[in-house]
1. Every residue in region 70-86 that is within 18 Å of T50 (Cα to Cα) and open to solvent by less than 70 Å² (accessible area, probe 1.4 Å), please.
2. Looking only at region 281-311, filter to residues that are in contact with a strand residue (DSSP E or B) (Cβ under 8 Å, 6 or more places away or on another chain) and not charged (D, E, K, R); which one of those is surrounded by the fewest Cβ atoms within 10 Å (Cβ to Cβ)?
3. Can you name every residue in region 112-152 that is buried (at least 21 other Cβ atoms within 10 Å of the Cβ), farther than 19 Å from L206 by Cα and within 17 Å of the chain's Cα centre (by Cα)?
4. Looking only at region 100-113, decide whether some residue is of a type in the set (A, V, I, L, M, F, W, C), free of Cβ contacts under 8 Å to residues at least 24 places away in the same chain and under 26 Å from S257 (Cα atoms).
5. Out of (1) more than 28 Å from the chain's Cα centre (by Cα); (2) modelled with pLDDT of 95 or more; (3) of a type in the set (F, W, Y), what's the single condition that is false for Y23?
6. Restricting to region 72-95, name every residue that is over 18 Å from S47 (Cα atoms), touching a residue at least 12 places away in the same chain (Cβ under 8 Å) and more than 23 Å from the chain's Cα centre (by Cα).
7. Looking at F171, F90, F179, can you tell me which residue is at pLDDT 95 or above, in contact with a His (Cβ under 7 Å, 6 or more places away or on another chain) and not acidic (D, E)?
8. I'd like to know if region 329-341 contains one or more residues that are in contact with a strand residue (DSSP E or B) (Cβ under 8 Å, 6 or more places away or on another chain), surrounded by 20 or more Cβ atoms within 10 Å (Cβ to Cβ) and either closer than 26 Å to C108 by Cα or among the hydroxyl-bearing types (S, T, Y) (or both).
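The values are calculated or read from the model by the stated rules, or taken from the named source; none is laboratory data. These figures come from a predicted structure and were not determined experimentally. Counting neighbours? That spans all protein chains shown, and the Cβs are built from the backbone with ideal geometry, glycine included. The area values use the complete protein model at the heavy-atom level, side chains included, leaving out ligands, DNA and RNA. Shrake-Rupley method; radii C 1.70, N 1.55, O 1.52, S 1.80 Å.
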Amino acid sequence: MKKELSAIDAKYEAQKIAFGPMYFQAVVALRELGILQFISNNRKGVSMETIIEQVGVSEYGVTLLLEAAEIIGVVEIENEIVKITKVGFFLLKDEMTRVNINFMNDVCYLGAKSMTDSIRNGKPEGLKVLGDWPTIYEGLSILPEPAKTSWFEFDHYYSDNAFPEALKIVFRKNPKMIFDVGGNTGKWSFACCNHDPDVNIKILDLPVQLKVAKSNATERNLLDRIDFHPINLLDRSQEIPQGADVIWMSQFLDCFSKEQIIQILENACNASSENTTLYILEPFFDNQNYPAAHHSLVATSLYFTIMANGNSKMYRVEVMKELAREAGFEIVETYPLIGDSYHTILECRKQA
């Protein structure tokens, strides 16, 4: 929504952007040094002197960080008494915020300096701070810590909440064979096996990812029901096999450019029979109930640019529908905001 600002207010907003990285790291330091938690434990307020005595951080460090925290509304300070604000509470206790901060700090922060080069070259130029791969997907299973843990927590946070309601939708027609395309660690496949003892799954993904999924399936004694099909879907010579009742793509297509999405969906269309249903689950940024989700998803597009592959993003729902149509599918049903999640499911069938 357009908002008219005075010149003074506009200049202030510009300074928030200019110094944003510094304030972000101040919040990280407040959290990691235990200062914010200590203030939260004393909800009625605690003196600066007590904080310095109890958290084991110098007067200089505590003063510096709390002055920054006051500026951005994380704490309130009056007569040397410090109280945590609602913003500070969410920074400390909210799961979405925790996951997002860890992801930004551990996965994206150092690479963000390469934003301009990533846009210019169409490559994830920031990825080199984590490893030497053409895209992050080749390196997911061997990312250095803490980036690895933070990446998977971020990925699972924005998908797992959708699974309970998504399972009800997918299993309405009692599918016997599901292709989990871009199956990652196998969490969706395992959820399917738990939901229906008769279903069989084929996970399609890069070989390095299938090693992780297979190891996880082995631990769960599911190798008799889950098969593994190595595939690089950007290689036009590699085809999705036929025989699926359901082709499932969960937070998968946002990892690709529009042209690549059409290519992948054309591959899926060629593998589909008239009885095959394609389900696309995505957190479309224009189909969210709350501004915090919209804000986070648009920022995630910048991660794709600098760290993932340099050419993908989070999409609008109508854009994805049009790409599916171009690839040969019709949209049978749209299920918005599945369960307590950020996701929409598109149910698609091969065009007659």
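1. So the first thing to find is which residues in region 70-86 are within 18 Å of T50 (Cα to Cα), and the list is 70, 75-84.
Residues satisfying the conditions are V75, I77, I81, V82, I84.
2. Residues of region 281-311 in contact with a strand residue (DSSP E or B) (Cβ under 8 Å, 6 or more places away or on another chain): 281-284, 287.
Adding the requirement that they be not charged (D, E, K, R) leaves 281, 283-284, 287.
Values: L281: 24, P283: 24, F284: 23, N287: 19.
Filtering first and then ranking leaves N287.
3. Those that are buried (at least 21 other Cβ atoms within 10 Å of the Cβ), farther than 19 Å from L206 by Cα and within 17 Å of the chain's Cα centre (by Cα): A147, S150.
4. At the first step, the residues of region 100-113 found to be of a type in the set (A, V, I, L, M, F, W, C) are 101, 103-104, 107-108, 110, 112.
Still in the list and also free of Cβ contacts under 8 Å to residues at least 24 places away in the same chain: 110.
Filter again for under 26 Å from S257 (Cα atoms), leaving 110.
Yes, there is a match, as at least one residue in region 100-113 is of a type in the set (A, V, I, L, M, F, W, C), free of Cβ contacts under 8 Å to residues at least 24 places away in the same chain and under 26 Å from S257 (Cα atoms).
5. Failed condition: (1).
6. I72
7. Details: F90 fails: in contact with a His (Cβ under 7 Å, 6 or more places away or on another chain); F179 fails: in contact with a His (Cβ under 7 Å, 6 or more places away or on another chain).
Among F171, F90, F179, only F171 is at pLDDT 95 or above, in contact with a His (Cβ under 7 Å, 6 or more places away or on another chain) and not acidic (D, E).
8. No: region 329-341 contains no residue that is in contact with a strand residue (DSSP E or B) (Cβ under 8 Å, 6 or more places away or on another chain), surrounded by 20 or more Cβ atoms within 10 Å (Cβ to Cβ) and either closer than 26 Å to C108 by Cα or among the hydroxyl-bearing types (S, T, Y) (or both).
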